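Values in this text are rule-based calculations from the coordinates and carry no lab data. Since this is a predicted model, take the numbers as computed values, not measurements. Using ideal geometry, Cβ is built from the backbone for each residue, glycine included, and neighbour counts are taken over all protein chains shown.
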Amino acid sequence: EVLEAILQDFGISYPPGAGRKELIDCLNRFLLGQASRSGGAVLIIDEAQNLSVPVLEQIRILSNIETHREKLLQIILLGQRELRDKLESPSLRQLNQRISIRYHLSPLGRDETARYIEHRLTVAGASGGIEFTPGAYEAIYRYADGVPRLVNLLADRALLAGYVAGSSNITKEMVLEGHRSLAGEGNGSRTMLRPGMFRHLRVSLPAVGLAFLCGVLSVGFLQS
């Protein structure tokens with residue numbers, strides 16, 4: 001199914017009921033055609049931590065598609081921290097050795113958290129009609145500790161509190177009200193936020209590493 005999805009996304013036709021070898025052959029012909037026209041191909045797989053070990057092993061096999069001069073397919077895996085743990089398992093040692101670039105995204109800083117919220121508001125079409133106070137930004141950063149998914153949760157609840165209050169000026173008190181509503185839902189530790197609870201997740205930002213197979217595989221780990 002993964003091979004079929006890859007071929008469909010590249011716009012490659014294949015015979016109905018084709019087996020794995022036939023699908024790989026179709027992909028190989030497409031990639032050779034791209035290379036003959038000086039074109040490259042990049043396969044980006046998001047939420048890669050959800051892939052099973054056999055599927056990840058299949059991804060490793062795809063990284064072997066090459067000519068005598070160059071690799072034909074660049075592969076980028078994006079995922080949460082669980083992806084790193086999975087890749088470090090003995091069963092995926094060969095795939096882990098193929099990764100030439102690793103990049104870890106740290107949680108957002110205070111200023112980045114504020115800019116992130118402003119960006120989300122702009123994309124949603126707020127056009128400056130909604131404003132978060134400095135205290136609101138600080139409270140969101142303090143409770144979410146810069147983790148984007150948690151920033152989204154708190155900002156969403158704060159906006160809801162502002163809507164109920166009939167105010168487009170989102171204050172610290174509205175953020176605290178949103179936090180209390182999350183904590184009261186009893187959905188487990190994921191929503192029971194407290195200052196600094198995610199600080200242990202911080203990792204260094206610089207990109208690491210070079211070399212094996214000249215950039216055929218790269219991987220990014222995103223904070224959950």
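For the reader, a short list of remarks on this structure follows.
- The lysines whose alpha-carbon is closer than 20 Å to the alpha-carbon of K71, local same-chain residues fewer than 8 away aside, are K21.
- For the stretch 1-115, the Cβ-based charge dipole about the Cα centre amounts to some 380 debye (Lys, Arg positive; Asp, Glu negative; other atoms uncharged).
- Electrostatic tally near T171: other residues with Cβ closer than 12 Å to its Cβ, Lys and Arg +1, Asp and Glu -1, net -3.
- Spacing of the modelled spin labels on A5 and E22, each 7 Å from Cα toward Cβ, amounts to 2.2 nm.
- Simple spin-label estimate for R37 and L105 in nanometres, 7 Å along Cα-Cβ: 3.1 nm
- Only alpha carbons enter this Debye calculation for the stretch 41-182, each as an equal point scatterer, and the log10 of I(q)/I(0) it gives at q = 0.14, 0.18, 0.21 Å⁻¹ is -0.75, -0.93, -1.13.
- Under 15 Å, Cβ to Cβ, from E4 - net charge with Lys/Arg +1 and Asp/Glu -1: -2
- Ranked by how many other beta carbons lie within 10 Å on average, peptides 18-24, 94-100, 157-163 from highest: 157-163, 94-100, 18-24
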